[in-house]
Amino acid sequence: MANDLDALQQMRLKHGDNTRPELERRATDRRLSGRDRRHWQRLLMLAEQEGM
């Protein structure tokens, strides 16, 4: 969980207001492996919990 929080913080620093759209794009990217997509889906859920 702490790693997910760190990853989400890095996304916020890099993408600013575009963080949520970027997370949504990556969470549904079919070119990524299932493992990678699940990682982005977890971050997207975390962002939703954080009110993004």
Exercise. Which ones in region 12-31 are open to solvent by 40 Å² or more (accessible area, probe 1.4 Å) and aliphatic (A, V, I, L, M)?
Worked result: 13
For this session: Residue by residue through region 35-52, note down the ones that are in contact with a helix residue (DSSP H, G or I) (Cβ under 7 Å, 6 or more places away or on another chain), in a helix (DSSP H, G or I) and under 16 Å from residue 5 (Cα atoms).
Result: 40, 41, 42, 43, 44, 46, 47
Exercise. For region 1-34, how many residues are in a loop (DSSP other than H, G, I, E, B) and in contact (Cβ under 8 Å) with a residue 12 or more places away in the chain?
Worked result: 0
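The values are calculated or read from the model by the stated rules, or taken from the named source; none is laboratory data. Just so it is clear, the model here is predicted, and its values are computed rather than measured. Here the Cβ is made from the backbone with ideal geometry for all residues, glycine too, and neighbour counts use every protein chain on show. Remember, those area values only see protein heavy atoms, side chains included, never the ligands or the DNA or RNA. Shrake-Rupley method; radii C 1.70, N 1.55, O 1.52, S 1.80 Å.
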